[in-house]
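First comes the structure, then the notes that go with it.
The values are calculated or read from the model by the stated rules, or taken from the named source; none is laboratory data. From a predicted model like this one, the values you see are computed outputs, not experimental measurements. Methodologically, a virtual Cβ is constructed for each residue, glycine included, from the backbone with ideal geometry; neighbour enumeration extends over all protein chains shown. SASA here: full protein model, heavy atoms, side chains in, ligands and nucleic acids out. Shrake-Rupley method; radii C 1.70, N 1.55, O 1.52, S 1.80 Å.
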Amino acid sequence: MDFVADKDWYQSVSEKKSLPLRCPFATAERCPRYYQSLSLFPSLGGTAMDPKEEERLLEKWEKSELWPRIDEHATSTFSSSEKLISISNYCPELTFDRYGYFCSSLGAYADELDSVLAQERLHKEGVGTNDPRWYWAHSYRMHYSECPLYSLLPDNQNTDQELNEPKQEVVSWWKEHLIQIVVAIIGAFATALFAFLFS
């Protein structure tokens with residue numbers, strides 16, 4: 001990594017792109033990736049969601065077109081003997097909450113020897129301890145604007161719903177008054193025809 005994916009880096013990218021400092025969709029209700037990442041939080045040593053709430057959100061997102069259809073697109077974690085080996089397709093907002101880095105993937109060193117050798121090299125190179133390589137063999141930084149789902153999420157779900165409501169009202173009005181309109185048209189036509197024939 002050329003730059004440490006910390007809060008300063010993240011906010012600088014947001015400012016350059018004239019975007020909010022943090023992702024505006026970073027809730028389990030607004031983003032399926034955030035939900036998936038949050039549901040896997042216990043495997044990172046974090047707190048689990050309420051089971052009923054998790055079930056409700058899973059049911060909601062599985063019906064969405066944004067839900068991953070193949071495993072390669074899904075958020076995942078891999079552990080061996082209770083040791084976390086890697087995470088992938090993770091929400092960077094949540095990796096920051098857990099590890100202090102805005103990354104979509106992290107991979108552990110193969111073993112303790114690899115970790116020690118890497119730390120010795122970093123020490124010789126004068127690399128600061130805020131660099132993720134002190135703890136991770138692999139890391140892929142990501143700003144939320146680079147997330148594959150970001151451009152697909154609606155700007156405002158409530159606005160979309162409100163825009164649909166007038167259309168539904170118009171359709172309902174036409175259905176309710178269609179018979180009356182047809183009867184009125186036939187009546188007007190019959191009156192005109194009767195007046196024409198007997199004038």
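Among residues of segment 69-85 that are more than 15 Å from HIS138 (Cβ to Cβ), those with a Cβ under 7 angstrom from a residue that is modelled with pLDDT under 95 and open to solvent by less than 50 Å² (accessible area, probe 1.4 Å), sequence gap 6+ or separate chain, pair up as SER79/SER43. Filter segment 100-131 down to residues that are without any contact (Cβ under 8 Å) to a residue 24 or more places away in the chain and assigned to a loop (DSSP other than H, G, I, E, B) and give me whichever is surrounded by the most Cβ atoms within 10 Å (Cβ to Cβ). Result: VAL127. The combined condition, being charged (D, E, K, R) and over 30 Å from TYR34 (Cβ atoms), is fulfilled by GLU120.
Checking each residue in segment 26-45 for being part of a loop (DSSP other than H, G, I, E, B), more than 27 Å from SER151 (Cα to Cα) and open to solvent by less than 20 Å² (accessible area, probe 1.4 Å) picks out no residue at all.
Restricting attention to segment 78-114, the residues being among the charged types (D, E, K, R) and within 13 Å of LEU40 (Cα to Cα) number 1.
Residue-wise test of (1) modelled with pLDDT under 95; (2) closer than 19 Å to LEU66 by Cβ.
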{"residue": "MET1", "(1), (2)": "yes, no"}
{"residue": "TYR10", "(1), (2)": "no, no"}
{"residue": "VAL13", "(1), (2)": "no, no"}
{"residue": "LYS16", "(1), (2)": "no, no"}
{"residue": "LEU19", "(1), (2)": "no, no"}
{"residue": "PHE25", "(1), (2)": "no, yes"}
{"residue": "GLU29", "(1), (2)": "no, yes"}
{"residue": "SER39", "(1), (2)": "no, yes"}
{"residue": "GLY45", "(1), (2)": "yes, no"}
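Of everything in segment 85-99, what is of a type outside the set (Phe, Trp, Tyr) and open to solvent by less than 20 Å² (accessible area, probe 1.4 Å)? Give them in sequence order. The answer is ILE87, CYS91, PRO92, GLU93, LEU94, THR95. Summed over segment 46-67, residues that are free of Cβ contacts under 8 Å to residues at least 12 places away in the same chain, surrounded by 10 or more Cβ atoms within 10 Å (Cβ to Cβ) and in a loop (DSSP other than H, G, I, E, B) total 1. Taking the condition acidic (Asp, Glu), open to solvent by 70 Å² or more (accessible area, probe 1.4 Å), modelled with pLDDT under 95 and more than 27 Å from SER14 (Cα to Cα), does GLU82 pass? Taking the combined requirement at face value, the residue satisfies it.
Scanning segment 14-25 for residues that are open to solvent by 40 Å² or more (accessible area, probe 1.4 Å) and either free of Cβ contacts under 8 Å to residues at least 60 places away in the same chain or part of a helix (DSSP H, G or I) (or both) gives GLU15, LYS16, SER18, PRO20, LEU21, PRO24.
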